[in-house]
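Here's the structure we're looking at; comments come further down.
The values are calculated or read from the model by the stated rules, or taken from the named source; none is laboratory data. Just so we're clear, the structure is a prediction, and the values are computed from it rather than from any experiment. Cβ placement follows ideal geometry from the backbone for every residue including glycine, while neighbour counts extend to all protein chains displayed. Accessible surface areas use protein heavy atoms only, side chains included; no ligands, DNA or RNA. Shrake-Rupley method; radii C 1.70, N 1.55, O 1.52, S 1.80 Å.
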Amino acid sequence: MRISEVKMTRVTLPIEAPLRHSYAVHRAFTRTVLEVRTDEGLVGLSETAAPPEAIEPFVNVLLGEDPFNQERIRMKVSQRGYYSRQWLIASAFEIACWDIIGKAFGVPLYKLLGGKMRDRVPVAAYLFYRYPNEEGRGGVTTPEEMVAHCLDLVGKYGFRTIKLKGGVFAPEHDIAVIAALREALGKDYLLRLDPNAVWTAETAIRAGLKLEAYDLEYYEDPTWGLAGMASVRKRVRIPLATNMCVIDFDHFAPAVELGAVDIILSDPWYWGGLHNTKILAGMCKTFGLGMGLHSGIELGIGLAAMLHVAATIPNLLHAIDAHYHHLKDDIIVGGKLQYQDGAMAPPEGPGLGVELDRAKLEEYTENFRRAQAKAGRDYRPDPQRPTWFAMYPGW
Ligand code: MG
(Lines give C-alpha, C1' and ligand atoms only; values in the text may rest on other atoms or scores of the structure.)
Protein backbone atom coordinates (compact mmCIF):
# COMPACT_ATOMS: atom_id res chain seq x y z
CA MET A 1 0.00 0.00 0.00
CA ARG A 2 1.35 3.44 -0.97
CA ILE A 3 0.25 6.97 -0.19
CA SER A 4 -0.88 8.64 -3.39
CA GLU A 5 -2.44 11.96 -2.41
CA VAL A 6 -2.46 14.45 0.48
CA LYS A 7 -5.19 17.05 0.72
CA MET A 8 -5.18 19.87 3.25
CA THR A 9 -8.07 22.11 4.20
CA ARG A 10 -8.01 25.00 6.67
CA VAL A 11 -11.21 25.41 8.68
CA THR A 12 -12.44 27.86 11.30
CA LEU A 13 -15.18 26.70 13.66
CA PRO A 14 -17.30 28.88 15.94
CA ILE A 15 -17.15 28.68 19.73
CA GLU A 16 -19.66 29.76 22.37
CA ALA A 17 -17.77 32.89 23.43
CA PRO A 18 -14.20 34.27 23.03
CA LEU A 19 -11.76 32.55 25.43
CA ARG A 20 -9.17 34.69 27.20
CA HIS A 21 -5.72 33.44 28.12
CA SER A 22 -2.39 35.00 28.97
CA TYR A 23 -1.15 35.22 25.37
CA ALA A 24 -4.24 36.14 23.40
CA VAL A 25 -7.95 35.48 22.88
CA HIS A 26 -9.39 32.47 21.06
CA ARG A 27 -12.22 33.88 18.96
CA ALA A 28 -12.79 30.63 17.06
CA PHE A 29 -10.86 27.39 16.55
CA THR A 30 -8.81 27.17 13.35
CA ARG A 31 -7.23 23.87 12.28
CA THR A 32 -5.81 22.20 9.20
CA VAL A 33 -7.60 18.98 8.24
CA LEU A 34 -5.57 16.35 6.38
CA GLU A 35 -6.95 13.68 4.08
CA VAL A 36 -4.24 11.16 3.16
CA ARG A 37 -5.29 8.80 0.36
CA THR A 38 -3.64 5.51 -0.61
CA ASP A 39 -3.46 3.65 -3.92
CA GLU A 40 -5.91 1.14 -2.40
CA GLY A 41 -8.51 3.85 -1.92
CA LEU A 42 -8.25 4.16 1.87
CA VAL A 43 -8.31 7.69 3.28
CA GLY A 44 -6.69 8.58 6.61
CA LEU A 45 -7.89 11.68 8.46
CA SER A 46 -5.90 13.94 10.71
CA GLU A 47 -5.72 17.52 11.92
CA THR A 48 -3.08 19.92 13.20
CA ALA A 49 -2.49 23.53 14.16
CA ALA A 50 0.20 23.87 11.45
CA PRO A 51 -1.09 25.78 8.40
CA PRO A 52 -1.06 24.12 4.94
CA GLU A 53 1.80 26.33 3.73
CA ALA A 54 4.01 24.95 6.54
CA ILE A 55 3.02 21.36 5.75
CA GLU A 56 3.31 21.60 1.97
CA PRO A 57 7.15 21.25 1.81
CA PHE A 58 6.85 17.94 3.70
CA VAL A 59 4.10 16.36 1.61
CA ASN A 60 6.61 14.60 -0.65
CA VAL A 61 7.80 12.66 2.44
CA LEU A 62 4.44 10.91 2.40
CA LEU A 63 3.88 10.47 -1.32
CA GLY A 64 4.84 6.96 -2.43
CA GLU A 65 5.48 5.87 1.19
CA ASP A 66 3.87 2.87 2.88
CA PRO A 67 1.65 4.18 5.74
CA PHE A 68 2.98 1.39 7.96
CA ASN A 69 6.48 2.95 7.80
CA GLN A 70 5.77 5.37 10.61
CA GLU A 71 9.29 5.52 12.02
CA ARG A 72 10.69 6.34 8.57
CA ILE A 73 8.10 9.03 8.01
CA ARG A 74 8.71 10.54 11.46
CA MET A 75 12.48 10.54 10.89
CA LYS A 76 12.21 12.08 7.44
CA VAL A 77 10.03 14.93 8.71
CA SER A 78 11.77 15.58 12.02
CA GLN A 79 15.35 15.55 10.71
CA ARG A 80 14.79 18.02 7.93
CA GLY A 81 16.28 20.99 9.71
CA TYR A 82 18.70 21.71 12.54
CA TYR A 83 16.46 23.71 14.80
CA SER A 84 12.96 22.41 14.50
CA ARG A 85 11.68 18.87 14.62
CA GLN A 86 8.38 19.82 12.98
CA TRP A 87 6.48 17.68 15.44
CA LEU A 88 3.16 19.36 14.56
CA ILE A 89 3.59 18.04 11.03
CA ALA A 90 5.12 14.64 11.87
CA SER A 91 2.31 13.93 14.35
CA ALA A 92 -0.39 14.96 11.87
CA PHE A 93 1.05 12.55 9.29
CA GLU A 94 1.32 9.78 11.90
CA ILE A 95 -2.32 10.13 13.00
CA ALA A 96 -3.51 9.93 9.37
CA CYS A 97 -1.37 6.80 8.85
CA TRP A 98 -2.85 5.20 11.99
CA ASP A 99 -6.33 5.93 10.63
CA ILE A 100 -5.41 4.21 7.34
CA ILE A 101 -3.97 1.17 9.15
CA GLY A 102 -7.07 0.85 11.35
CA LYS A 103 -9.27 1.03 8.27
CA ALA A 104 -7.09 -1.54 6.47
CA PHE A 105 -7.62 -4.01 9.31
CA GLY A 106 -11.17 -2.91 10.09
CA VAL A 107 -10.40 -2.25 13.78
CA PRO A 108 -10.61 0.81 16.01
CA LEU A 109 -7.26 2.49 16.59
CA TYR A 110 -7.11 1.68 20.32
CA LYS A 111 -6.73 -2.00 19.39
CA LEU A 112 -3.54 -1.18 17.49
CA LEU A 113 -2.15 0.94 20.34
CA GLY A 114 -2.26 -1.79 22.97
CA GLY A 115 -5.95 -2.26 23.66
CA LYS A 116 -8.26 -0.45 26.06
CA MET A 117 -7.38 -0.09 29.72
CA ARG A 118 -10.59 1.87 30.24
CA ASP A 119 -13.83 2.09 28.24
CA ARG A 120 -14.26 5.80 28.79
CA VAL A 121 -11.64 8.49 29.26
CA PRO A 122 -12.42 11.12 31.93
CA VAL A 123 -12.25 14.67 30.51
CA ALA A 124 -11.82 17.89 32.51
CA ALA A 125 -14.13 20.88 32.24
CA TYR A 126 -11.91 23.61 30.85
CA LEU A 127 -12.91 26.94 32.39
CA PHE A 128 -11.76 30.16 30.74
CA TYR A 129 -12.43 33.80 31.43
CA ARG A 130 -14.55 34.78 28.44
CA TYR A 131 -15.63 37.92 26.65
CA PRO A 132 -19.33 38.10 25.78
CA ASN A 133 -20.09 36.75 22.30
CA GLU A 134 -21.65 38.78 19.45
CA GLU A 135 -25.07 38.36 21.06
CA GLY A 136 -23.69 39.82 24.29
CA ARG A 137 -23.85 36.48 26.09
CA GLY A 138 -21.40 34.04 27.67
CA GLY A 139 -19.05 36.56 29.32
CA VAL A 140 -17.24 35.27 32.43
CA THR A 141 -15.00 37.42 34.65
CA THR A 142 -15.98 37.41 38.34
CA PRO A 143 -15.80 34.48 40.77
CA GLU A 144 -19.64 34.38 40.81
CA GLU A 145 -19.81 34.22 37.01
CA MET A 146 -17.17 31.47 36.92
CA VAL A 147 -19.05 29.41 39.50
CA ALA A 148 -22.28 29.72 37.51
CA HIS A 149 -20.46 28.78 34.28
CA CYS A 150 -18.83 25.79 35.98
CA LEU A 151 -22.06 24.49 37.51
CA ASP A 152 -23.75 24.81 34.12
CA LEU A 153 -21.01 22.63 32.52
CA VAL A 154 -21.13 20.10 35.36
CA GLY A 155 -24.89 19.86 34.90
CA LYS A 156 -24.68 19.48 31.11
CA TYR A 157 -21.71 17.10 30.80
CA GLY A 158 -21.20 15.51 34.21
CA PHE A 159 -17.62 16.72 34.68
CA ARG A 160 -15.85 15.60 37.89
CA THR A 161 -12.56 17.40 37.19
CA ILE A 162 -12.45 21.16 36.71
CA LYS A 163 -9.56 23.16 35.27
CA LEU A 164 -9.29 26.94 35.46
CA LYS A 165 -7.16 28.70 32.85
CA GLY A 166 -5.79 31.57 34.91
CA GLY A 167 -3.13 34.18 34.21
CA VAL A 168 -5.48 36.74 32.65
CA PHE A 169 -5.97 38.85 35.79
CA ALA A 170 -3.79 39.37 38.86
CA PRO A 171 -3.07 36.24 40.92
CA GLU A 172 -5.45 37.38 43.70
CA HIS A 173 -8.32 37.14 41.21
CA ASP A 174 -7.45 33.55 40.26
CA ILE A 175 -7.15 32.63 43.96
CA ALA A 176 -10.59 34.15 44.65
CA VAL A 177 -12.07 32.16 41.75
CA ILE A 178 -10.48 28.91 42.98
CA ALA A 179 -11.81 29.59 46.49
CA ALA A 180 -15.32 30.21 45.12
CA LEU A 181 -15.20 27.08 42.94
CA ARG A 182 -14.07 24.91 45.84
CA GLU A 183 -16.83 26.29 48.04
CA ALA A 184 -19.49 25.74 45.38
CA LEU A 185 -18.31 22.26 44.34
CA GLY A 186 -17.51 20.80 47.75
CA LYS A 187 -14.67 18.39 48.31
CA ASP A 188 -15.57 15.64 45.83
CA TYR A 189 -14.43 17.39 42.63
CA LEU A 190 -10.86 17.61 41.41
CA LEU A 191 -9.74 21.17 40.78
CA ARG A 192 -6.65 22.34 38.87
CA LEU A 193 -5.26 25.81 38.09
CA ASP A 194 -3.12 26.75 35.08
CA PRO A 195 -1.70 30.32 35.15
CA ASN A 196 0.10 29.57 31.84
CA ALA A 197 3.53 30.35 33.30
CA VAL A 198 2.83 34.09 33.46
CA TRP A 199 3.86 34.45 37.13
CA THR A 200 7.39 34.84 38.46
CA ALA A 201 8.63 32.01 40.65
CA GLU A 202 8.24 34.18 43.75
CA THR A 203 4.66 35.13 42.82
CA ALA A 204 3.92 31.46 42.15
CA ILE A 205 5.28 30.58 45.61
CA ARG A 206 3.22 33.26 47.38
CA ALA A 207 0.09 32.29 45.46
CA GLY A 208 0.80 28.59 45.89
CA LEU A 209 1.05 28.89 49.68
CA LYS A 210 -2.45 30.44 49.68
CA LEU A 211 -3.77 27.85 47.22
CA GLU A 212 -2.69 24.96 49.45
CA ALA A 213 -5.95 25.51 51.35
CA TYR A 214 -8.08 24.43 48.35
CA ASP A 215 -6.81 20.86 47.82
CA LEU A 216 -5.81 21.28 44.17
CA GLU A 217 -5.26 18.15 42.10
CA TYR A 218 -2.30 20.00 40.58
CA TYR A 219 -0.84 23.45 39.92
CA GLU A 220 -0.03 23.66 36.19
CA ASP A 221 2.88 25.78 34.95
CA PRO A 222 2.54 28.52 37.57
CA THR A 223 5.88 29.91 36.37
CA TRP A 224 8.21 29.68 33.38
CA GLY A 225 11.01 27.18 32.90
CA LEU A 226 12.53 24.18 34.66
CA ALA A 227 14.51 26.24 37.20
CA GLY A 228 11.50 28.34 38.17
CA MET A 229 9.26 25.30 38.49
CA ALA A 230 11.88 23.51 40.63
CA SER A 231 12.04 26.51 42.91
CA VAL A 232 8.23 26.59 43.32
CA ARG A 233 8.10 22.83 43.86
CA LYS A 234 10.51 23.11 46.82
CA ARG A 235 8.22 25.54 48.63
CA VAL A 236 4.64 24.67 47.70
CA ARG A 237 2.88 21.46 48.73
CA ILE A 238 0.76 21.04 45.58
CA PRO A 239 1.83 18.65 42.79
CA LEU A 240 3.21 20.60 39.80
CA ALA A 241 2.18 19.73 36.24
CA THR A 242 3.50 21.04 32.95
CA ASN A 243 2.79 21.27 29.27
CA MET A 244 5.18 24.22 28.86
CA CYS A 245 8.61 23.37 30.29
CA VAL A 246 8.78 19.65 29.43
CA ILE A 247 7.55 19.49 25.85
CA ASP A 248 10.11 17.24 24.20
CA PHE A 249 12.27 14.26 25.11
CA ASP A 250 15.33 16.50 25.57
CA HIS A 251 13.64 18.20 28.52
CA PHE A 252 12.84 15.04 30.44
CA ALA A 253 16.21 14.25 32.05
CA PRO A 254 16.91 17.81 33.27
CA ALA A 255 13.34 18.01 34.62
CA VAL A 256 13.92 14.87 36.68
CA GLU A 257 17.37 16.01 37.81
CA LEU A 258 16.09 19.40 38.92
CA GLY A 259 12.95 18.00 40.53
CA ALA A 260 10.92 20.47 38.45
CA VAL A 261 7.60 18.64 38.02
CA ASP A 262 5.34 15.86 39.29
CA ILE A 263 3.08 15.41 36.25
CA ILE A 264 3.75 15.69 32.53
CA LEU A 265 0.85 16.67 30.30
CA SER A 266 1.63 15.16 26.94
CA ASP A 267 0.29 16.73 23.80
CA PRO A 268 0.34 14.11 21.04
CA TRP A 269 1.17 16.89 18.55
CA TYR A 270 4.03 18.54 20.48
CA TRP A 271 5.52 15.14 21.33
CA GLY A 272 5.51 13.86 17.76
CA GLY A 273 2.49 11.57 17.71
CA LEU A 274 0.61 8.79 19.46
CA HIS A 275 3.55 6.39 19.41
CA ASN A 276 5.77 8.95 21.13
CA THR A 277 3.01 9.59 23.68
CA LYS A 278 3.18 5.90 24.58
CA ILE A 279 6.98 6.14 24.94
CA LEU A 280 6.53 9.17 27.19
CA ALA A 281 4.04 7.20 29.30
CA GLY A 282 6.69 4.54 29.90
CA MET A 283 9.24 7.19 30.89
CA CYS A 284 6.79 8.81 33.32
CA LYS A 285 6.11 5.44 34.90
CA THR A 286 9.81 4.64 35.18
CA PHE A 287 10.60 7.93 36.91
CA GLY A 288 7.51 8.02 39.10
CA LEU A 289 5.86 10.97 37.36
CA GLY A 290 2.14 11.33 36.75
CA MET A 291 0.67 11.78 33.30
CA GLY A 292 -2.15 13.68 31.65
CA LEU A 293 -2.96 15.03 28.16
CA HIS A 294 -2.83 18.68 27.13
CA SER A 295 -5.40 20.14 24.74
CA GLY A 296 -4.68 22.50 21.85
CA ILE A 297 -8.18 23.40 20.55
CA GLU A 298 -8.72 20.10 18.72
CA LEU A 299 -11.80 19.33 16.67
CA GLY A 300 -13.40 15.88 16.76
CA ILE A 301 -10.75 14.21 14.55
CA GLY A 302 -7.97 15.25 16.90
CA LEU A 303 -10.00 14.51 20.02
CA ALA A 304 -10.72 11.01 18.69
CA ALA A 305 -6.96 10.44 18.31
CA MET A 306 -6.44 11.60 21.92
CA LEU A 307 -9.21 9.33 23.21
CA HIS A 308 -7.80 6.29 21.41
CA VAL A 309 -4.31 6.73 22.85
CA ALA A 310 -5.54 7.80 26.31
CA ALA A 311 -7.72 4.70 26.61
CA THR A 312 -4.63 2.49 26.17
CA ILE A 313 -2.20 4.10 28.66
CA PRO A 314 -2.39 2.35 32.04
CA ASN A 315 -0.77 5.20 34.01
CA LEU A 316 -2.77 8.03 32.44
CA LEU A 317 -4.86 8.63 35.54
CA HIS A 318 -5.55 12.37 35.33
CA ALA A 319 -8.62 13.46 33.35
CA ILE A 320 -7.47 14.68 29.94
CA ASP A 321 -7.92 18.32 28.95
CA ALA A 322 -10.17 19.23 26.03
CA HIS A 323 -11.42 22.58 24.73
CA TYR A 324 -14.10 20.59 22.93
CA HIS A 325 -17.12 21.66 24.98
CA HIS A 326 -16.55 25.27 23.84
CA LEU A 327 -17.13 24.30 20.19
CA LYS A 328 -20.56 24.96 18.71
CA ASP A 329 -20.20 22.41 15.92
CA ASP A 330 -17.84 19.87 14.34
CA ILE A 331 -16.92 18.66 10.86
CA ILE A 332 -17.54 14.95 11.46
CA VAL A 333 -20.56 12.92 10.40
CA GLY A 334 -23.14 12.78 13.17
CA GLY A 335 -22.05 16.06 14.76
CA LYS A 336 -20.01 16.49 17.93
CA LEU A 337 -18.65 13.56 19.94
CA GLN A 338 -20.69 13.09 23.10
CA TYR A 339 -19.77 13.32 26.77
CA GLN A 340 -21.16 10.84 29.24
CA ASP A 341 -20.71 11.47 32.98
CA GLY A 342 -17.73 13.76 32.29
CA ALA A 343 -15.99 11.17 30.13
CA MET A 344 -15.78 10.13 26.48
CA ALA A 345 -15.35 6.77 24.76
CA PRO A 346 -12.99 6.37 21.79
CA PRO A 347 -15.16 5.94 18.67
CA GLU A 348 -15.75 2.29 17.75
CA GLY A 349 -15.45 2.49 13.93
CA PRO A 350 -12.28 1.42 12.07
CA GLY A 351 -9.22 3.65 12.61
CA LEU A 352 -10.11 6.90 14.34
CA GLY A 353 -13.78 5.98 13.89
CA VAL A 354 -14.82 9.38 12.54
CA GLU A 355 -15.74 10.46 9.01
CA LEU A 356 -15.74 13.90 7.41
CA ASP A 357 -19.02 15.70 6.90
CA ARG A 358 -18.35 17.31 3.48
CA ALA A 359 -20.99 20.01 3.81
CA LYS A 360 -19.61 21.09 7.20
CA LEU A 361 -16.05 21.02 5.90
CA GLU A 362 -17.05 23.35 3.07
CA GLU A 363 -19.03 25.62 5.35
CA TYR A 364 -16.12 26.09 7.77
CA THR A 365 -13.53 26.43 5.00
CA GLU A 366 -15.60 29.35 3.75
CA ASN A 367 -15.73 30.62 7.34
CA PHE A 368 -11.91 30.48 7.49
CA ARG A 369 -11.63 32.46 4.23
CA ARG A 370 -14.03 35.11 5.52
CA ALA A 371 -12.14 35.44 8.82
CA GLN A 372 -8.82 35.69 6.94
CA ALA A 373 -10.14 38.35 4.59
CA LYS A 374 -11.45 40.36 7.53
CA ALA A 375 -8.31 40.11 9.66
CA GLY A 376 -5.77 40.41 6.84
CA ARG A 377 -2.35 41.08 8.31
CA ASP A 378 -3.74 43.11 11.15
CA TYR A 379 -3.40 40.41 13.80
CA ARG A 380 -4.09 41.60 17.31
CA PRO A 381 -3.83 39.16 20.20
CA ASP A 382 -6.83 40.80 21.88
CA PRO A 383 -9.01 42.92 19.55
CA GLN A 384 -10.89 44.36 22.53
CA ARG A 385 -7.61 45.85 23.81
CA PRO A 386 -5.90 47.04 20.62
CA THR A 387 -2.64 48.12 22.25
CA TRP A 388 -2.29 45.09 24.55
CA PHE A 389 0.38 42.46 24.14
CA ALA A 390 1.42 39.60 26.39
CA MET A 391 4.04 40.39 29.05
CA TYR A 392 6.11 37.51 30.42
CA PRO A 393 6.39 37.42 33.35
CA GLY A 394 3.24 39.43 33.96
CA TRP A 395 3.01 39.29 37.75
MG1 MG B 1 -1.16 24.38 30.35
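Points to keep in mind about this one:
- Count Lys and Arg as plus one, Asp and Glu as minus one, and take only other residues whose Cβ is under 10 Å from that of GLU65; the net charge is then +2.
- The chain: angle of helix 225-235 to the longest principal axis, Cα-based, in degrees nearest 10: 40
- The long axis of helix 171-185 is offset from the longest Cα principal axis of the chain by roughly 80 degrees.
- If you bin all the Cα-Cα distances of segment 255-296 at 10 Å, starting from zero, the percentages per bin are 30, 56, 14.
- The chain - percent relative contact order, Cα under 8 Å, separation 6 or more: 21
- For segment 111-344: relative contact order, % (alpha-carbon pairs under 8 angstrom, 6 or more apart): 22
- Rounded to 5, percent antiparallel among DSSP beta bridges of the chain: 55
- Protein-only accessible surface at a 1.4 angstrom probe places the residues TRP269, TRP388 in the order TRP388, TRP269, largest first.
- Residues in segment 111-344 average 37 Å² of solvent-accessible surface per residue, probe 1.4 Å, ligands and nucleic acids excluded.
- DSSP beta bridge pairing in segment 111-344, given as percent antiparallel to the nearest 5: 15
- Taking a ≥ b ≥ c as the square roots of the eigenvalues of the Cα gyration tensor, an a/c ratio of 1.5 or more together with a/b no larger than b/c marks segment 111-344 as oblate.
- The accessible area of THR387, taken with all protein chains in place and a 1.4 Å probe, comes to roughly 130 Å².
- Computed over the chain, the P(r) curve from all C-alpha pair distances, binned at 20 Å from the origin, holds 27, 60, 12 percent per bin.
- Shown are ARG118, ARG377, whose ranking by accessible area with a 1.4 Å probe and every protein chain present, most to least, is ARG377, ARG118.
- Residues of type aspartates and glutamates that LYS374 reaches as a straight line, Cα spacing below 14 Å, ignoring anything fewer than 8 places off in the same chain: GLU366
- Partners of LYS285 within straight-line reach, counting lysines whose Cα lies under 21 Å from its Cα and excluding those fewer than 8 residues away in the same chain: LYS116.
- Kirkwood's formula applied to the C-alpha pairs of segment 339-395 gives a hydrodynamic radius of 15.9 angstrom.
- Mean projected area (nm²) of the alpha-carbon convex hull when segment 63-159 is viewed from all directions: 11.2
- The mean sequence separation of alpha-carbon pairs under 8 Å and at least six residues apart, normalised by the residue count of segment 156-251, gives a relative contact order of 26 percent.
- Applying a threshold of 29 Å to the alpha-carbon distances of LYS165/LYS278; LYS76/LYS336; LYS7/LYS111; LYS210/LYS278 flags LYS76/LYS336; LYS210/LYS278 as lying beyond it.
- Note on LYS285 and ALA170: their simple-model spin labels are 4.7 nm apart, each label 7 Å out from Cα toward Cβ.
- With a simple spin-label model that places each label point 7 Å from the Cα along the Cα-to-Cβ direction, the separation between ALA54 and ALA213 comes to 4.2 nm.
- Extension gain (nm, one decimal) between ARG2 and VAL107, 0.36 nm per residue minus Cα-Cα: 35.8 nm
- Under the shape rule built on the C-alpha gyration tensor, where the axes satisfy a ≥ b ≥ c, segment 98-228 is prolate, since a/c reaches at least 1.5 and a/b is greater than b/c.
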